[in-house]
Amino acid sequence: MRPLDENETTVVFEKIFKFVGNNLKNIVENPSHEGPEPEAGRYCFRLQKSRVYYVSESLVKRATNISRKNLVSLGTCIGKYTHAGSFHLTIMSLNLLAANAKHKVWLKPTSEMSFLYGNHVLKGGLGRITDSIVPGDGVVVFSMSDVPLGFGIAAKSTQDCRKLDPNGIVVLHQADIGEYLRDEDEL
C-alpha cells in the first residue's frame, strides 16, 4: 500500500470534486478519531493493487506490520483504476459522497427498484431535485426518506427537467447499492 502520486491524486480529486464540489475540503481535512492517540488524526488516500482506499493515518501506520501480498483491504475502497488508466468510483464511496454531496436527486418509491436494478433515473420517477444542476455534474441519488441509493451523472439541467417528458432520462446510472448483490464477487 502506497500513497498516491501527483497524477493519481489529481485524477481522484477531479472525480470526487465532480460530486462534492468545494466540500472536497471536508473530505481531505476530516479528523480521524481512530487509534490510541489522544489527538485526532487525519484521513489519507492509499493505493493497493489498482484500488484507492480512504483510510485513517493511524490505521496505515498499524498496517505496516502486514506484508503487501497478505493485505487484502484497508479502510474504505472509494474507487479503482482500470487497465486503461482511468479512475472509476465504486459503490463503497457512496457514504463519503452522500455526506458531502453538492447535487442531489430524490426518487419516488415506485422508481427506487428500477434504479437499484441498474437503470437510469427517468423524469417520471423523480421526486425532488436540487437547483443549479448542469448536464455532466455528479449527482447522488436518494430515496424520499433520505437513504442514499447510488450516484450518477446528470443528463439534463434542473430547468430542462421541468419541461421534460416522463420517459426522459434525468440521471445516467453509475453505481447503486444493488451492486452489493449483483457484483458480490468483484467487490
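The values are calculated or read from the model by the stated rules, or taken from the named source; none is laboratory data. From a predicted model like this one, the values you see are computed outputs, not experimental measurements. For neighbour counting, all protein chains shown are included, and Cβ atoms are generated from backbone atoms with ideal geometry for every residue, glycine included. Protein only, heavy atoms only, side chains kept; ligands, DNA and RNA dropped before computing areas. Shrake-Rupley method; radii C 1.70, N 1.55, O 1.52, S 1.80 Å.
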Give me the 1.4 Å probe accessible area per residue for segment 2-96, excluding ligands and nucleic acids, in Å². 59
With 26 Å as the limit, write out which pairs from LYS25/LYS123; LYS18/LYS80; LYS108/LYS156 have Cα-Cα distances beyond it, or answer none. LYS25/LYS123
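If you put +1 on each Lys and Arg Cβ and -1 on each Asp and Glu Cβ, how big is the dipole of segment 1-110 around its Cα centre, in Debye rounded to 20? Working shown, then result.
Values: 16 positive and 9 negative charges, 95 e Å.
The calculation lands at about 460 debye.
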Within the chain: Cβ-based charge dipole about Cα centre, in debye rounded to nearest 20 (Lys, Arg +1; Asp, Glu -1): 140
Of GLY138, GLY152, GLY75, which has the largest mean-square fluctuation in a 10 Å C-alpha GNM of the chain? GLY75
Of the trypsin sites (Lys or Arg not before Pro) in segment 40-105, those whose Cβ has at most 11 other Cβ within 10 Å and which sit in DSSP loop: ARG68, LYS69
Solvent-accessible surface (1.4 angstrom probe) belonging to PHE151, in square angstrom, nearest 10: 0
Candidates HIS83, HIS103, HIS173, ranked by Gaussian network fluctuation over the chain, Cα under 10 Å, top entry: HIS83
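Determine the share of segment 50-129's accessible area contributed by carbon and sulfur atoms, expressed in whole percent, with a 1.4 angstrom probe.
Working: 2250 of 4240 Å².
Heavy-atom surface of segment 50-129 belonging to carbon and sulfur, 1.4 Å probe: 53 percent.
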Proximal aspartates and glutamates relative to LYS15, as straight alpha-carbon distance under 16 Å, when same-chain residues fewer than 8 apart are discounted: ASP5, GLU6, ASP137
Accessible area per residue, Å², segment 103-181 with all protein chains present, probe 1.4 Å: 48
Checking GLU29, GLU112, GLU39 against a Gaussian network model of the chain (alpha-carbon springs below 10 Å), the top fluctuating residue turns out to be GLU39
